[in-house]
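Taking it in order: structure first as structure tokens, then the write-up.
The values are calculated or read from the model by the stated rules, or taken from the named source; none is laboratory data. Here the structure is a predicted model, which means the values were calculated and not measured. Methodologically, a virtual Cβ is constructed for each residue, glycine included, from the backbone with ideal geometry; neighbour enumeration extends over all protein chains shown. Calculation scope for accessible area: heavy atoms of the full protein, side chains included, ligands and nucleic acids excluded. Shrake-Rupley method; radii C 1.70, N 1.55, O 1.52, S 1.80 Å.
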Amino acid sequence: RRVLFRSLSYVLDGALEHADSMGTRSVIRRGNAMLVGSSIYQACKFYELFSEANAVGVMHHLSVDVGYRIVGTKEHVEAEDWLEDVLRRYEGSHDTGTPDAPGRTHVEVFKQIGDGAHRFDFMSSTVWKRYYSMSNLVVRISDGTEESKANSLLLNAHLDSTLPSPGGADDGGGVAIL
């Protein structure tokens with residue numbers, strides 16, 4: 001568990017040095033966590049709100065309770081239904097400010113379903129992988145204004161796993177953090 005969070009911190013550290021050097025973000029580094037915000041106050045609030053225990057609980061549920069989540073299996077469907085239920089609990093507008101800095105956060109959850117294909121080279125051969133009725137769970141977090149919604153940033157993780165891995169790190173950790 002600690003290795004995962006340290007690795008993410010190192011990845012984020014390198015990616016954010018440039019933004020921090022431009023003075024566009026305030027960076028808080030404390031223990032294994034590093035968070036970015038538009039102010040020191042906001043970065044501190046993010047640190048207080050992130051729950052390592054909650055993230056580890058999500059990873060445990062996906063990799064141990066559900067287990068292998070290979071696309072097309074009942075376990076994959078179970079994991080997706082569980083995650084959608086969890087995400088939909090956050091839908092709506094929420095007071096997230098303080099008396100000194102009032103604010104609202106608007107959370108929207110969408111489910112996209114589509115078909116498609118992609119090509120990859122495997123052992124000197126071209127392989128086409130087709131998929132049908134694949135779904136994406138999309139969460140948009142904004143202040144509720146159209147401008148805020150139009151300037152969304154996409155962060156993503158995948159829910160499925162592959163044999164022989166129950167997918168704790170690939171990519172239960174990404175799902176848990178998001």
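Looking at segment 155-175, is at least one residue closer than 19 Å to residue 110 by Cα, assigned to a helix (DSSP H, G or I) and open to solvent by less than 60 Å² (accessible area, probe 1.4 Å)? Full working, then the answer.
The first filter runs over segment 155-175 and keeps only residues closer than 19 Å to residue 110 by Cα, leaving 155-160, 174-175.
Checking which are assigned to a helix (DSSP H, G or I) leaves us with 174-175.
Subset that is open to solvent by less than 60 Å² (accessible area, probe 1.4 Å): 174-175.
Yes, there is a match, as at least one residue in segment 155-175 is closer than 19 Å to residue 110 by Cα, assigned to a helix (DSSP H, G or I) and open to solvent by less than 60 Å² (accessible area, probe 1.4 Å).
Of all residues in segment 142-154, count the ones that are open to solvent by 80 Å² or more (accessible area, probe 1.4 Å) and either more than 22 Å from residue 176 (Cβ to Cβ) or in contact with a Pro (Cβ under 6 Å, 6 or more places away or on another chain) (or both).
Let us first name the residues in segment 142-154 that are open to solvent by 80 Å² or more (accessible area, probe 1.4 Å), namely 143, 146-147, 150-151, 153-154.
Pick out the ones that are also either more than 22 Å from residue 176 (Cβ to Cβ) or in contact with a Pro (Cβ under 6 Å, 6 or more places away or on another chain) (or both) and you get 143, 146-147, 150-151.
Looking only at that region, the number is 5.
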(request) Say whether the condition of being modelled with pLDDT of 90 or more, over 25 Å from residue 176 (Cα atoms) and open to solvent by 60 Å² or more (accessible area, probe 1.4 Å) is met by at least one residue in segment 98-117. (result) yes
